[in-house]
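Colleague: Submitted below is the structure of interest, expressed as structure tokens.
The values are calculated or read from the model by the stated rules, or taken from the named source; none is laboratory data. Please read these numbers as outputs of a predicted model, since none were measured by experiment. Heads up, the Cβs are rebuilt from the backbone with ideal geometry, glycines too, and the neighbour counts pull from every protein chain shown. Ligands, DNA and RNA are stripped out before the accessible areas are found, and what is left, the full protein with its side chains, is counted by its heavy atoms. Shrake-Rupley method; radii C 1.70, N 1.55, O 1.52, S 1.80 Å.
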Amino acid sequence: MAKPKKPRTPAPDPPPAAARLPWQPPAPPVPTALLISLAALLVRVLVSVGPYSGQGAAPKFGDYEAQRHWMELTLHLPPSDWYRNTSDNDLAYWGLDYPPLSAYQSLLHGRIINASLPEAVALRSSRGFESHESKLLMRWTVMSSDLLVLFPAALWFVWAYMKGGIGASEEERREGWMWLLAMVLVNPCLVLIDHGHFQYNCISLGLTLGAIAGVLSRNELVAAALFSLAINHKQMSMYFAPAFFSHLLGKCLKRKYPIVEVMKLAFVVLGTFGIVWWPFLHSSEAALQVLSRLAPFERGIYEDYVANFWCSTSVIIKWKKLFAIKPLKLISLSATILAFLPSFVQQVKSPSNLGFLYSLLNSSFAFYLFSYQVHEKSILLPLLPASLLALKEPQLYGWFVYFALFSMYPLICRDQLLLQYIAVTGLFFLIYYSPGGIHKKRLNIPCGIKLVLSLPLLSSFILHISYLQIEPPERYPFLLDALIMFICFSQFVILTLYTNYKQWMLDTHSRSIGVKKDL
């Protein structure tokens, strides 16, 4: 007798999908990454419509004119005259003060602009040249640099980060990669400085990000080459050097043939530097001339009202009056080394991928707070590793971004980019607080500490309005700038103490759960 068939039970209804924003559709990774990248590009395009640094402000103008002038110089002069004072190259007027790779980039962009608008980069006669067409071309050079360098590096990093499962659970890796990519690409400070104020930080930061992705994906030789290129584009990339050196050294020392591993890395670094510096290696005088332009100690230990140690404490200790340049250089160097030394030692002793990301942040914070000749735009460097830790430290990243933006507020107001500042900040925090976002992973902070932390936040709201509406007293014309600097400095100090503590606690956590280091 045949057995009666069991009635088929209907399939259960699928669970309701989590709330998503338009930039976070339930799509395969590649189309989704493309949508996020296009959205980030659109933000850059909209910001670039606004004014730029020094627009119409003769006779020195601003960073926009500096970049245009370097295109003019590299296009018409031989490399031997790029860093030398000559009749055609007045170093007092925006003399080239970045490494050779930055000069080659200016040459490439100069040739592109010269093909379409030669009068914009004509030797001598183009000084202070401004037109709608030249602005479009100059903006396009930054946009294309971003697309060719930073965007691919960001995608590579997110892939390597998720594949390695660095400091994140399986669920966070599966659901959080889109949010992480958006956090890296829609960095409001970088967008405002590169596409508003006008600079090419996207190239050096993109090369550094590519080097970080190389380390995480175990392509250390590629990472060494990319980071060497980053240093040769902007010397401020040295902010990350202690982290790269300590992490790679720590890995090499734990391998079977440590000397061979170190020699391979050294060969790549020296080879990359040799190729980039080749036109200037024909004589020691030419090489020294370039080096002298890369270290402008005569400008002083700080510029404007930057939220670092030297400027913030100068209200009490008049560093520039008490010390000559030479002892100040030594004091600054010693303070910087002491600040990054704990992070450095931890990575040599116990290298790990998550520790490497913390080390990048701690090292760059040390340089920002204590090194010689820091300006407000240098906050972009610690912001890069902070964005890479956004999944692990979402509260830290949101807090840091807000006060990094606030530290640049006087510069933004001078450049008349207030509308862009408000729009980009609002967009960033809209994405940051998106439904289902990682920001919900909160820290357990006592109520008393929360109250203390709310004071600088409230003060920043008041100062945002006061800076625009209140005229400071004649005796203290930069009073509001100084108050902004003090508030931001205090937050940066708290953040760097916290991240150094978190890096050192990685050893304790690893021993307690028996984590094997990624070598």
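Colleague: Dividing the convex hull volume of the Cα atoms of region 49-130 by its residue count, what figure in Å³ per residue is obtained? The partial results should precede the final answer.
Modeller: On the way: hull volume 7.8 nm³, N = 82.
Roughly 95 Å³ of hull volume per residue.
Colleague: Sort Ile316, Ile379, Ile259, Ile331 by heavy-atom solvent-accessible area, probe 1.4 angstrom, most to least. Let's see the in-between values first.
Modeller: Values: Ile316 150, Ile379 0, Ile259 125, Ile331 55 Å².
Correct descending sequence by accessible area is Ile316, Ile259, Ile331, Ile379.
Colleague: Tell me, what does the Kirkwood hydrodynamic radius of region 369-483 come to in angstroms if you use every pair of distinct C-alpha atoms? The partial results should precede the final answer.
Modeller: Numbers: mean 1/r = 0.0619 Å⁻¹.
This gives a value of 16.2 Å.
Colleague: Roughly how many nanometres apart are two label points built 7 Å out from the Cα toward the Cβ at Leu427 and Leu457?
Modeller: About 2.4 nm separates the two model spin labels.
Colleague: Could you check how much of the accessible area of region 49-130 is carbon and sulfur, as a whole percent, using a 1.4 Å probe? Don't skip to the end; give the middle numbers.
Modeller: Working: 1820 of 3300 Å².
Within region 49-130, the accessible surface is 55 percent carbon and sulfur.
Colleague: Return the subset of Lys256/Lys349; Lys329/Lys502; Lys135/Lys234; Lys349/Lys392 for which the Cα-Cα distance in this structure is over 19 Å, preserving the input order. Provide the component values of the computation, followed by the final result.
Modeller: Values: Lys256/Lys349 16 Å; Lys329/Lys502 30 Å; Lys135/Lys234 23 Å; Lys349/Lys392 22 Å.
Going by Cα-Cα distance, Lys329/Lys502; Lys135/Lys234; Lys349/Lys392 fall outside the 19 Å limit.
Colleague: Full-extension gain between Ala57 and Lys349, please, as 0.36 nm times their residue separation minus the C-alpha to C-alpha distance. Intermediate values should be presented prior to the final figure.
Modeller: Details: separation 292, 0.36 × 292 = 105.12 nm, distance 5.21 nm.
Taking 0.36 nm per residue and subtracting the Cα distance, the gain is 99.9 nm.
Colleague: Which helices pass in the chain if a helix is a full DSSP H run, must span at least 24 angstrom along its long axis by Cα, and must have mean Kyte-Doolittle hydropathy not below 1.6?
Modeller: Numbers: long enough: 29-48 (28 Å, 1.98); 100-116 (25 Å, 0.21); 258-277 (28 Å, 1.78); 325-349 (35 Å, 1.00); 353-370 (26 Å, 1.09); 447-469 (33 Å, 1.41); 479-513 (51 Å, 0.70).
Helices meeting the criterion: 29-48, 258-277.
Colleague: I'd like to check one number: the per residue accessible area of the chain, probe 1.4 Å, reported in Å² as a whole number. Walk me through the numbers before you get to the answer.
Modeller: Working: 24420 Å² over 519 residues.
That works out to 47 Å² for each residue.
Colleague: If you don't mind, another one. Rounded to the nearest 500 deg cm²/dmol, what is the calculated helix-only ellipticity per residue at 222 nm for the chain, with -39500 (n - 2.57) per DSSP H run of length n ≥ 4? Walk me through the numbers on the way to the answer.
Modeller: On the way: 22 runs with 328 residues, N = 519.
Taken over the chain, the calculation gives -20500 deg cm²/dmol.
Colleague: Continuing with this model, one more query. Could you state the orientation-averaged shadow area of the convex hull built on the Cα atoms of the chain, in nm² to one decimal?
Modeller: About 33.0 nm², averaged over all directions.
Colleague: Right, another one. Please give, to one decimal in nm, the separation of the simple spin-label points placed at Leu41 and Ile316, each 7 Å out from Cα toward the Cβ.
Modeller: 5.1 nm
Colleague: What part of the accessible area of region 131-507, given as a whole %, is carbon or sulfur when the probe is 1.4 angstrom?
Modeller: Values: 11380 of 16080 Å².
C and S fraction of accessible area: 71 percent.
Colleague: Another one. Between region 217-253 and region 383-411, how many Å separate their Cα centres?
Modeller: About 23 Å separates the Cα centre of region 217-253 from the one of region 383-411.
Colleague: Once you put a point 7 Å from the Cα of Tyr498 and another 7 Å from the Cα of Phe297, both along the Cβ direction, what distance in nm separates them?
Modeller: Calculated label separation equals 3.7 nm.
Colleague: If you don't mind, another one. Can you give the FRET efficiency to the nearest 0.05 for Ser87 and Ile112, using r as the Cβ-Cβ distance and R₀ = 35 Å? Could the numbers behind the result be given before it?
Modeller: On the way: r = 27 Å, r/R0 = 0.76.
Between Ser87 and Ile112 the formula returns 0.85.
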